[in-house]
């Protein structure tokens, strides 16, 4: 598989548009994971369609306004839970949840609630992005992290990251280690394994395909690294996390 195709397939998994390369990623899980990951650009895309027009909203009340309020409460509560899983403090997550539910409760139309929804989502997402970078002091390390997230489908080298952020390779390596408390290569491996876990759970990609899509040198190396970090092989992990 050439690099262009790998990039295409990887981005289709991460960005998930209306049509998919393989089996569809659960859109609800994608939505909450996008907030959890602090991906501001993607959450703006996902919120571009009004909440009031969201597909799949069930009927929880015969009253349209009450129905919309119920769905807003559910969405806000789940957003808070996902952000807690991502490292947000309980008090912050639930405090925000209470704040937005109270604001929603004072809305007098479904449009007002629909307009409040992206504001709530973006607030949580921005906070998660800041949390992801809370130990980052320099703009170059922050840019390095963004570059890594955007290029997990390729074999990322320290040299190309250094060139991207405009720093000497050895200096960037020392700076990254100091601020993130691990080497650049360790950070890349960790993020690739995190992505692999999501792909194993929420898609029909096989371990061999994931190994290729995330640019591991071989499937055996992917399995070795995965088992070292997760404690089991990709196949064993999938068996224990079937949705």
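Only the coordinates and a few stated rules stand behind these numbers; no lab work does. This structure is a prediction, so every number in the text was calculated from the model and none was measured. Neighbour counts run over all protein chains shown; Cβ positions are idealised from the backbone, glycine included.
Packing, as the average of other Cβ atoms within 10 Å across residues, places the peptides 72-79, 148-155 in the order 72-79, 148-155, highest first. FRET efficiency for residue 209 and residue 182, Cβ-Cβ distance as r, R0 = 25 Å, nearest 0.05? Approximately 0.35, to the nearest 0.05. For the chain, the longest principal axis of the alpha carbon atoms and the long axis of helix 139-150 meet at an angle near 80°.
The angle between the Cα long axis of helix 110-132 and the main principal axis of the chain comes to about 30°, on a 0 to 90 degree scale. Evaluated over the Cα positions of the range 136-240, the convex hull gives a direction-averaged projected area, one quarter of its surface, of 6.6 nm². Each residue, residue 92 and residue 219, gets one label point 7 Å from its Cα in the Cβ direction; the gap between the two is 4.1 nm. Provide, for q = 0.11 Å⁻¹, the log10 of I(q)/I(0) from a solvent-free Debye sum over equal Cα point scatterers in the range 27-132. Taken in order of the listed q values, log10 I(q)/I(0) reads -0.30. If I fit a long axis through the Cα atoms of helix 3-15 and take the longest principal axis of the Cα atoms of the chain, what angle between them do I get, 0 to 90°, rounded to 10? Helix 3-15 sits at roughly 30 degrees to that axis. Figure the gain on full extension for residue 133 and residue 57 (residue separation times 0.36 nm, minus the Cα-Cα span) and round it to one decimal in nm. My answer for the length gained is 24.0 nm.
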